[in-house]
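A quick write-up on the structure given underneath.
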Amino acid sequence: MATREQSIAVAVSGLKVAQRRALVPPFPGPQLPAREATILIVDAEEVSRRVLKAMLRNNPYRILETDRPTEALAILEKENIDLLIIDLVMPEMSGPELCRRVKSDERHHFTPILMLTNVGGSQNEIEGITAGADEFLTKPLHPEVVRTRVRALLRNKAAVDSLEEAETILFALAQAVEARDEYTMGHCQRLADYSVALGKALGLSDEELLALHRGGYLHDIGKVAIPDAILYKTGPLTSEEWQVMKSHTLKGEEICRPMKTLAPVLPIIRHHHERWDGTGYPDGLKGEKIPLLARILQTADVYDALTTARPYKPALSPEEAFKTMEEEARRGWRDAELLALFREISETLPSLTSVAKSLEAMHRHVSSK
């Protein structure tokens with residue numbers, strides 16, 4: 001069985017490779033995806049499909065085709081499509097309507113679409129682009145123009161895929177750290193749920209809610225750099241060990257900083273251990289100088305820590321946890337307004353109620369061992 005250090009080394013190595021693919025092209029100029037790209041052509045006219053395939057036949061593409069938009073949607077459910085080439089006018093539904101159907105599915109939100117038409121005019125192009133098409137060409141098609149546009153769209157898709165790969169590795173690494181301790185199993189998911197619920201109650205934007213969800217998983221990823229002897233020590237830490245433990249916030253920020261898509265999450269990772277009175281770490285921020293998203297996640301984090309059994313303490317009931325946190329707010333450690341709102345939604349929001357029941361069941365199971 002691999003050691004913790006070996007598992008982390010493998011994950012970090014994969015992350016660095018994915019980051020290099022996403023952020024640093026190996027050499028300048030147009031690049032094709034490493035794997036064979038799959039292109040789906042959707043056009044009611046067989047002649048048009050045949051012409052397109054002829055234009056692309058000397059390239060390393062896997063080409064699928066259909067004359068019906070509904071069949072195209074079925075193919076998208078079964079195949080990993082890298083590029084859609086669709087006609088503006090088709091039976092069953094128009095090209096723009098197919099665009100909207102495809103782009104409304106988050107699984108295909110970043111799948112590029114090249115729309116073609118026999119009818120010129122800016123209005124058609126505006127309609128296609130507004131519906132979600134990434135490029136728009138008017139027939140008759142110039143073969144080299146088609147090939148150039150296809151290469152560009154596939155290059156962008158490959159870059160997006162590399163970013164997703166790097167994010168996937170990061171999340172897997174965070175969950176691997178969590179999974180080593182049976183007492184913290186499910187902690188990341190609960191934090192994501194609690195934080196998003198509190199963010200919704202505050203009326204935050206979708207981008208902020210996404211950052212909170214990601215922060216639930218990545219807030220403690222810096223602990224991969226903390227030695228096991230310190231991370232899993234059952235007794236009190238020495239002052240030197242405590243300094244090492246506190247460094248996980250900075251290490252986590254350092255790990256995630258190369259991922260531009262995770263920029264909104266970095267303040268959560270760095271500042272989720274600050275305190276309202278300025279006595280927290282790593283920067284001693286005070287009051288509203290602590291980023292709001294970090295304060296939201298901290299509220300959820302403290303609640304989950306209190307209501308979860310650990311080797312050094314029993315689990316508190318939700319009511320006991322809130323009383324403890326309210327006392328900490330009076331001592332100046334917590335954002336009292338956020339805490340009050342979190343307590344309110346914990347009593348009314350079904351998702352938090354169900355999670356609380358699951359926690360109580362888990363605590364009973366752990367206590368019975």
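The values are calculated or read from the model by the stated rules, or taken from the named source; none is laboratory data. No experiment lies behind these values; they were computed from the predicted model shown. Note that we place each Cβ from the backbone using ideal geometry, even for glycine, and neighbour counts take in every protein chain shown.
Observations, loosely collected:
- Across the range 249-280, the qualifying residues are those that are in contact with a Leu (Cβ under 9 Å, 6 or more places away or on another chain) and of a type in the set (Asp, Glu), and the one among them that is modelled with the highest pLDDT is Glu274.
- Members of the range 98-130 that are over 25 Å from Arg50 (Cα atoms), of a type in the set (S, T, N, Q) and part of a loop (DSSP other than H, G, I, E, B): Ser104
- Pair list, Cβ under 7 Å, 6 or more apart: the range 297-324 residue under 21 Å from Arg270 (Cβ atoms), other residue of a type in the set (Ser, Thr, Tyr) and buried (at least 18 other Cβ atoms within 10 Å of the Cβ): Leu297/Ser195; Ala300/Tyr194; Ala300/Ser195; Tyr303/Tyr194; Asp304/Tyr194
- Leading residue by the ranking (surrounded by the fewest Cβ atoms within 10 Å (Cβ to Cβ)) among those in the range 101-134 that are modelled with pLDDT of 90 or more and farther than 20 Å from Val160 by Cα: Arg101
- Among the residues of this structure, Val265 counts as one that is in a helix (DSSP H, G or I) and out of contact with any His (no Cβ under 7 Å at 6 or more places or on another chain).
- Those helices (runs of 4 or more DSSP H) of the range 1-78 in which 1 or more residues are at pLDDT below 90 and of a type in the set (Val, Ile, Thr) occupy 4-23.
- Hey, Gly252 without any contact (Cβ under 8 Å) to a residue 60 or more places away in the chain and either within 23 Å of Lys223 (Cα to Cα) or buried (at least 18 other Cβ atoms within 10 Å of the Cβ) (or both) or not: yes
- Options Leu170, Leu198, Leu204, Leu210; residue that is out of contact with any Gly (no Cβ under 9 Å at 6 or more places or on another chain), in the same structural domain as Leu297 (by TED's automatic domain parsing) and at pLDDT below 90: Leu210
- Scanning the range 131-160 for residues that are of a type in the set (A, V, I, L, M) and assigned to a loop (DSSP other than H, G, I, E, B) turns up Ala133, Leu141.
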